[in-house]
Structure formats: structure tokens, C-alpha cells
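To start, the structure itself, in C-alpha cells.
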Amino acid sequence: MLLITSVCSGGMAFHGLSFVHSICRPPSLLTSIKALTVAFPTINPRHRLLRRSPFDSAIRALASAAVSTASPVSQEGKVSAKAQWKAAIDFKWIRDNKDVIAANIMNRNSNANLNVVLDLYEKFLNLQKEVERLRAERNIVAEKMRGKIEASVRQALVQEGKNLKEKLASLEEDLVHLTDQLQQEAQCIPNITHPNVPIGGEESSVIRKMVGSPREFTFNIKDHLELGKELDLFDFDAAAEVSGSKFYYLKNEAVLLEMALINWAIAEVSKQGFKPLITPEIVRSSVVEKCGFQPRGQNTQIGVRTLHEAIQPGAFAISEKSPRPAEPKSNITDTSMLSFMVYSIENSDHCLIGTAEIPVGGIHMDSILLEADLPLKYVAYSHCFRTEAGAAGTASRGLYRVHQFSKVEMFIFCRPEDSNLYHEELIAIEEELFSSLGLHFKTLDMATGDLGAPAYRKFDVEAWMPGLGRFGEISSASNCTDYQSRRLGIRFRPSDASTILKKGKSGNQTPTQFVHTLNATACAIPRMIVCLLENFQEEDGSVVIPEPLRPYMGGLSVISPKAKRI
Amino acid sequence: MSLITSVCSGGMTFHGLSFVHSICRPPSLLTSIKALTVAFPTINPRHRLLRRSPFDSAIRALASAAVSTASPVSQEGKVSAKAQWKAAIDFKWIRDNKDVIAANIMNRNSNANLNVVLDLYEKFLNLQKEVERLRAERNIVAEKMRGKMEASVRQALVQEGKNLKEKLASLEEDLVHLTDQLQQEAQCIPNITHPNVPIGGEESSVIRKTVGSPRELTFNIKDHLELGKELDLFDFDAAAEVSGSKFYYLKNEAVLLEMALINWAIAEVSKQGFKPLITPEIVRSSVVEKCGFQPRGQNTQVYSIENSDHCLIGTAEIPVGGIHMDSILLEADLPLKYVAYSHCFRTEAGAAGTASRGLYRVHQFSKVEMFIFCRPEDSNLYHEELIAIEEELFSSLGLHFKTLDMATGDLGAPAYRKFDVEAWMPGLGRFGEISSASNCTDYQSRRLGIRFRPSDAPTILKKGKSGNQTATQFVHTLNATACAIPRMIVCLLENFQQEDGSVVIPEPLRPYMGGLSVISPKAKRI
């Protein structure tokens, strides 16, 4: 059971053979054990950092040094070894709300196992008590040994102390393992769900809004691939040779169209008070995990990985690659996982981002934000890379599903009480953007079965694509509440103490709370290009550019077939 | 010896344990051996493809299928196994020009070993002769066995044929190994060098042109890191946590500036007849190798994708060079000029020190790149055109810079000649490279398999083998930076800073930034 369910734990990465045996230990035994004893456990001193302080970088540098010292193996000149991270999971809350959580797990088709979590938590509490009892006993023995005593008594006490020490060491080790198991299992539990979300599979999703109507064509319409070929806008054949299938070159006006869409989306969204960002596209795997994605293809059975390690120890000597499952398998059975896989960088603990949500979520990692700075709204442009394992068939023709694409993404960090409001704001911005381009689309409140583990609620936008003859998803807006912030360690300190129900431990200061995070697509370029080409094609084979984009294309209003060579 | 020099061979990648023993065999033994006997060897039938033909994709599909069938291991559902590629190296020409080549290798500080190449080529020719002799003998024996004859004679012939077959099989295997070794060694030989290129190390490079003069600043200047911090333009600290050192977030006006530079560079260069492209950023390792880069090895600049035979591109030069891979272009289509925008990823292994502070040397950046495929006789001309475009672009931004004809010691293996542009960066207090323009002549096209068929038959010295058609020639390739964004941001911030801490945007970029003319310090929170 443990072997199977632990596949959804986010905290594992194999950096090299030497890590395999040691990775299960957190950097500091005591810290991690204590962390579980408070309702909102603090994982690690790093999480207490106030990013805005002038001493910021100095403290961060120290904290990082501490972490890599604690990590078991550190290879000279390589990326410093990753410490296992822990989500700040509120186990007491889970125990006290088990019926709600059990129903939620079922509604969301999650593979989380609540009984295992509860069972492990019970064991953990008992073991912790036992450890504390032994510690107290050991202290009593130590106390007794002070002052003058008879040699035989001292001898007995020394023996007793030694026995206690050994027993304690053994139990503490058990506690570490138990803590890890508990974390792994509990990290599988999906976010709770907004009460208005329809329960059921994708087909149960509810239409919130319908904009426009399908354009009536009086001629035989083409799909975007045919249009792209005739207008000399893409090259999939050359890309298949150079890179592989589902890669592409954009050519000529398609390049201008991509740039126009990016510029237009950034300009429109930043008008709404979102700060523009361009993000790293290579990130640590741990950040990917903390955002709720599976960087290492862990939906494959972990047994496969173990098998590889067992039978191919020599692989290291030759390829210096860590053995991983041959290839992410396409049989994604856990619908609580987001449905794409990430590319990993060889010989490192880094991945390519599948969405800018990851680096933007990470920009305030391990920080305490000022309440006055909230909401923090960002509009981020990045390239996105997805292996898209298992995505095949006609639904993924041409530009619809590709390994690499440009995307402009919105992201908000806000106070918990504001996240529903900002979720509405995000979907309203999306609707305004797509309406202004003249698209016909519908907005859906996605059913529980279609939500990824981080989402509390998700609105999708599906636009009409006449060439494909169906609606296709062009954007998505999710409220992740505190699912990501509990993993990324992003808090704020409310200025108004009365809003806090829990008593602050440290006296004067009000305790911190986790922020809520939301993400939403402003423009996923290739799908938007599909929409624009297919919806605005003309009988003569040309494509009309929507008004709002023309200023970003040097005034170009139509893409016309090139003149033939004479 | 061959173990040591084979580090510069491009054709090896380890896709998995099961490949290790089989990767040394080329897809077809006979094809590759024959290929070496002609002056311009054709490597593989794939190279005969005319990409513009309507049957294009069908033929390509067939060709690919043939290659992957020949490859030793093919894993279900995985990227099809990579066949070892071969550069179309003109060994006869190397043998006949060994003094020139030896001097060139020395001038360029190359680790190529010409003597090993010549020695292997000699061995190869002898072995090939021996193989041909045995084949002829085997044929004679086979001929003798036709018709009626005594059993004992037949028995003797059968035995002789068997012996010959075994000997031949063994020699053919030797020939395959020898061919591979020869390829690996010969692929290390750098391109020849333009006669005007100064000989020596980087310090011997010659200034071609100096534009502008350093701006006289009457106040204490800041470097781009300080300006970026005060204007809230970058975040290196958060990027260090999320990604690692030498990564960064661009924020606020820096985002607009990056987008403006990309849009402006594409617009300006496409006015000169260059076709815009946005390229894949994940490519097969073989394409990286064919462009003259080393995707594997200790000091590689290239990020590799785990469990695959793919890399991240370090420059758009790679996917643009690859766009016509294994094709025969129409002469009438030449020159083909492209302006490509991509993100670039570099490990920057071994690059440290003050020269690499802030945005100057980073793992990921945006770049607009020019690339030309042309006829051999035109490449020097287009090299001048490329550097002229660069000079015009940087002048229009008001930068102070110099253009250098880089010395032999500073040329990478593919370059026949390279012009660098170094701009004045007052914050750094020195000139820094912002762009580079290289003529690679046929170095890349011989690896990528990009040819054209001259329409004018008399220009061809070599007789076409196939009778009517004129023989193909390799195109020349050139590449040049139009705009490497982060270094340009360094230049703009440091050169156009004002005493009040603001930065003025050069005129040509303003239309691409919604008319913004100055980046000013944000108002403080009250």
C-alpha cells in the first residue's frame, strides 16, 4: 500500500546513486519532528524569512548554506543537493474533518488514502509521546547522576542511561521514517472544494457564460493546418526532423502574430494593475512539486524505479545518469494530478517549466509578505515545455497540442478572504480579452473530477474552432487557496490582530497566515493562433487580424497568400 | 590516442546502457563505405531529397523509417534511436592539402590530429582495396561453381568460398571500425580560414571599425545591477532560490524593454528581406553536433534532456541551420535569409568572475539571430552584409562600439571568419561583446547535408555521376546576432542613465514600448 500510494508524494528526487539511501532523512531530525506538533507547523527556519528586509540576501545565503550542509552528500561543482521539503499540513484539522475530506477525495477521483494518513498520524502521535516519555526519563537519570553517589549506584545509572539512549535513538529514527511517510501520504490529499463546484466527471461541468455565436461560413472552411500551409506560416516537417513530432517552426506573419498576442496580452493585463514578469524556464524540481506538479514522472509505479535501481547499478558508471523509469507512461489514472509531464534536465535537479505558474508561484517562496502589499498581481510571459505523454489522436493535430509554446499567465497572491473575489476578477479579464478579439466561447465551472489537486475551483474557457469543428480549451483560471502557499511557504502577517482566531505563540507579533494563490491564462499563443486562423479565414484564403492586435503588428490587417514565384 | 582525440567527435551520444555496444555501427555498412570513395561523398540516400517537392513529406517519412529500421535498438514508444551521422568530409582534399591544413590547425589552437587522420585514411584505402580484392575472388569462386564438376573439386571450391566469406566478413567489420575512427578524427579538423584573418590569440584581433565615443558622464555612474535594483527591473535573489545562480526574473519596464528589443530587431532585420522565424528550443543532440557544438562532455555549454536524445538550444543558429537539413535547395531560392527569435539556454560551465555579473552572463536569455544559406561564391559578400546590418542596428540605438576581425585563436571550429561587436558598458567600465557574425562556409552544410543544384552547369568542375543532372554543391551558412537581449539591456541601462536615476529609452525602441521614453524610479509607498 505504502509503495503504491507514495507515488503521489512530491518530495522525492534522485540526484545520484549516493542519494538513494540517504534521501529519506530530512536535513534536521529535531526540527521536522517539532514541526508536526503545532497546528501550522513551521518546517524550517528558512520559512520565517521576511523577504523585504534589507538583510534579506544575507539571511537567505546563510539559510541556504545551512541546508546544504545538512544534506547528506554535496558534490563539488554540482548543483547543491536538494533538501527534502515538507508541506505545512494541518494534521489536526484533517483528523477533525475526516468525513468532509473523505467525501472530497472521492468526488475528485483522488488516489489519496485518508485512512492511511489518519492511521499514520495516530501512530506518529503515540510514538512522539513515547519519545518524549523516554527523553524525560533520560533527563531524570541524568539528574540523579549529579552529585556524589556510590560507585555501584552510578554504575547502574550509567547502564540505565545507556539503555535509554539506545532505545531513544532507535525510536527517533522510527519517528523520522514515520514523519516522512505521513508527509508523503498527506501530501496526496487534494485541496478542499468550493461548495458551488459541480460534483462529477468533466461532463458535469456547468456553463457559466456563453459569448458570441459560431460564425456562419458561406464557403468551405479550412482548418488551421491547411491555412498555415497555404499562407506559409508553420513548418512541422522540418521541426519533426530537427526536434521530433509536435514541435514546429512559426514563419513569416505567424511570428508577428505570436509577438502581437504576447505584447497585447501583457499590455491589456498590466493595465489592470498586474506587474509584468519574464521568468526563468529552468527551475528546481522541488519548486515544481511545491506548485502541485509531478516533475519526475512519479505516476509510474515506484516499483519500476526500484527495479531499475536493483538490476542496473552499473548504469551509473557508464552514463552517469540516475536510473529512472524508462519513460513517463501515458496511463495517468490519478486525475488529481495535472495532466502533463515535465522535461527534466540531465545530471541535475532541474526541470523545464510547463507553465509560468511555477516560477511566479516561486518568486515569493519562503517569505512573509506585508499585508499592505497584497494582493500581488503578476502577468508573466514565458515559454512552456510539456512532454504531453499520451496525448495523441485528432484532438492534438497541428498547433493544438505541442511540446513548446509561449504563454502569458496571470497570477495573484492575496489574503484568504479575497481569493474568491479575485477568481471572479481573473475570469472576467479572460472573458474581456477573448471577447475583444471577437471569439465565440463559453466559460465553464469545472466539475470536481476535472480539478487538479491544487485547485479549490477552476473556470475553463473553451472557444469555438470551426476548422476542428468543436470547442477547444484556450484558458483556465484556478483558485488554489492555500494549497500551493503551504508548500511554497508563502505567508503574510495580518496587520489587524483581531482577524486571527489562533493565539500567537511569540507574544507581541500577530501570527502569520498562508496567502492564497490564483493562476489564470491570459493567452496561450498556439491555441489562440488556431482560433484566429480558423475563425477569421476568408474565402480567398486570407485571414483577417482582429482590430486589437493590429497596432502590435505594424498595422497589418490581413494575412494574404504569398505571390507565387513566376 | 584515438580515445583522447575522439572527445571532439560529434557523433556519439549515449542514449542508454543498451546502446553502448551497438552505437559504433553506421546504419548501412555498404553505403557508408562507398560514400568515402567519391570526392564529395553522399552519405545516405536521405541527402538526395529535394525538400520543395510535393512528395517531400512522403519521401522523408520513408527515409526516416529506413534509418530507424537499420538502427540496432528501437524502443517501443520512445524517440526513435539515433543513427550515427557522418560529415561529408573530402578526405582526398585533406590528403592533397595537408600542409595548409596542418598550419591552419596550429593557428587555430585546434586539438585535431592531422597525422592520425592521414594515417587512418591510408589504412582505410588499403583495407578497402583488400576487401574489394577478396570480393572479386569470392565472385570468381562463385562463378567456377556454376555448372557440373567433380565432387572433390566442388568440395574444395565450397571450402575456398567459405574461407573467403569468413575473411571478408572479418575485414568488413574492421573497415566499419576504421571508417568510424576516420570520421571521428577528421570531424575534429576545423574549417579553413579566410586569408585576411589575423593569426594569433584573441589579442591579435584587428579593429575593423569604431563607432561613436564613450559618453561623458558628469555624475557618479551606476552599473546595470544597481540601476535595475533601484528601478525594480530584475530579481536575481528569488531566481537563485527557484532556479539557481545566474537565473533572473525581468520585472516591470524590463519586460517591456525585452519585448521592444525583440520586436524592433525582427522588424528592422525583416525589412532587409530576412524571413521571421520562431524556432523549437528542444532539438535532437545530433543537430547540435552537426552545427559544430558539443552537446556532451565535461565542459559542455549544452543542457541535455533526461532520458532522451534531446538538448536545449544554446542559440537559434542550431534550429535555423537544421530547418533545411538533408535537403537539396533550389539555386533560385538562394540566398535564404532568416531572422529567428528564440530563448537560449547555456550551462556556462567554467564561466565565473566579475566579468559575468548580473545580466552579462546568464543561463537563459532571449536572442534574435540572423542566418543565411547561400551559394559558396556569395558567402563573403553576405558576411559583410550581416556585419553592416549589426552596425546599423547598434548605431541607431546610439551605442559606442567597435567591430573586430577575430584572430585565428578565437575562432570556433565551424567559422571561416568571425566579426565580433563589442560595445562600451560604462558601469562595467569596459567593452563587452554584444554580437558576433560568422561565415561557416560549408562546415555546417557538410554535416547538416544541405546542398543546392547549380542551374548553370559550366560552374561545376566535377562531373555529375548521374549523367544529365548537374552535381550538387554544399551551400554556405552564415549566422549573426541581431540582438542578444540581456547584454543589450546592460548597454542601454548603463549608457543612457541620468543623474536622477532614470534611464532614457533610445528613440527607435519607443514605438515598441507604447511610446515610453524614460524609465523612472517608482514612487515610494507613503
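Computed from the coordinates by the stated procedures, all read-outs in this text should not be read as laboratory data. All of these numbers come straight from a predicted model, not from anything done at the bench. Cβ: placed from backbone, ideal geometry, glycine included. Neighbour counts: every protein chain shown.
If you average the C-alpha positions of region A:406-479 and of region B:364-381 separately, how far apart do those two centres end up, in angstrom?
42 Å
Which net charge results for the neighbourhood of B:Phe293, defined as the other residues with beta-carbon distances under 13 angstrom from its beta-carbon, given Lys and Arg at +1 and Asp and Glu at -1?
+3
Enumerate the aspartates and glutamates that B:Lys98 could reach by cross-link, defined here as Cα to Cα under 16 Å, with residues fewer than 8 away along the same chain left out.
Of all the aspartates and glutamates, those that pass the test against B:Lys98 - Cα under 16 Å, at least 8 places apart if same chain - are B:Asp90, B:Asp119, B:Glu122, B:Glu185.
Averaged across the residues of A:344-353, what count of C-beta atoms belonging to other chains lies within 10 Å of each residue's C-beta?
Working: counts 5, 7, 10, 4, 5, 1, 6, 2, 6, 2.
That works out to 5 on average.
So if R0 is 60 Å, what FRET efficiency would B:Glu130 and B:Leu217 give, r being the distance between their Cβ atoms, rounded to the nearest 0.05?
FRET efficiency, B:Glu130 to B:Leu217: 0.20.
Highest mean first, what order results for B:482-495, A:166-179 on Cβ atoms within 10 Å?
Per-residue mean Cβ counts within 10 Å order the peptides as B:482-495, A:166-179.
Do the alpha carbons of any pairs in B:Lys86/B:Lys123; A:Lys144/A:Lys167; A:Lys290/A:Lys442 sit beyond 26 Å of each other, and which pairs?
Working: B:Lys86/B:Lys123 19 Å; A:Lys144/A:Lys167 19 Å; A:Lys290/A:Lys442 31 Å.
Beyond 26 Å between Cα atoms: A:Lys290/A:Lys442.
At B:Asp500 and B:Glu173, where each label point lies 7 Å from the Cα along Cα→Cβ, what is the point-to-point distance in nanometres?
Distance between the two pseudo-spin positions: 8.1 nm.
Taking θ = phi - 60°, what integer Hz values does the Karplus form 6.51 cos²θ - 1.76 cosθ + 1.60 yield along region A:425-442, in sequence order, with x for Gly and Pro?
4, 5, 5, 5, 5, 4, 4, 5, 4, 6, 4, 5, 7, x, 7, 9, 8, 10
So how do A:Lys222, A:Lys129, B:Lys251 line up by other beta-carbon neighbours within 10 Å, fewest first?
A:Lys129, A:Lys222, B:Lys251
Would you tell me the mean number of C-beta atoms belonging to other protein chains that fall within 10 Å of each C-beta in B:322-333, as a whole number?
2
Students often get this wrong, so check it: of A:Lys92/A:Lys129; B:Lys209/B:Lys275; B:Lys229/B:Lys367; B:Lys246/B:Lys367, which have C-alpha atoms separated by over 20 Å?
B:Lys209/B:Lys275; B:Lys229/B:Lys367
For region A:143-150, in order, what is each residue's ³J(HN,Hα) by Karplus, 6.51 cos²θ - 1.76 cosθ + 1.60 with θ = phi - 60°, in whole Hz (x at glycine and Pro)?
So the Karplus estimates, Gly and Pro as x, are 4, 4, 6, 6, x, 7, 9, 5 Hz.
By counting other Cβ atoms within 10 Å of each Cβ, how are B:Met325, B:Met145 ranked from fewest to most?
B:Met145, B:Met325
So how far apart, in nm, are the two label points at A:Asp540 and B:Ser396 if each is 7 Å from Cα heading toward Cβ?
3.0 nm
Once label points are set 7 Å from the Cα along Cα→Cβ at both B:Ala388 and B:Gln272, what is their separation, rounded to one decimal in nm?
If labels sit at B:Ala388 and B:Gln272, their model points lie 0.9 nm apart.
Please give every one of the aspartates and glutamates within straight-line cross-link reach of A:Lys562, meaning a C-alpha to C-alpha distance under 16 Å, and leave out same-chain neighbours fewer than 8 residues apart.
Leaving aside aspartates and glutamates fewer than 8 places away in the same chain, those within reach of A:Lys562 are A:Glu226, A:Glu230, A:Asp232, A:Asp235, A:Glu253, A:Glu538, A:Glu539, A:Asp540, B:Asp333.
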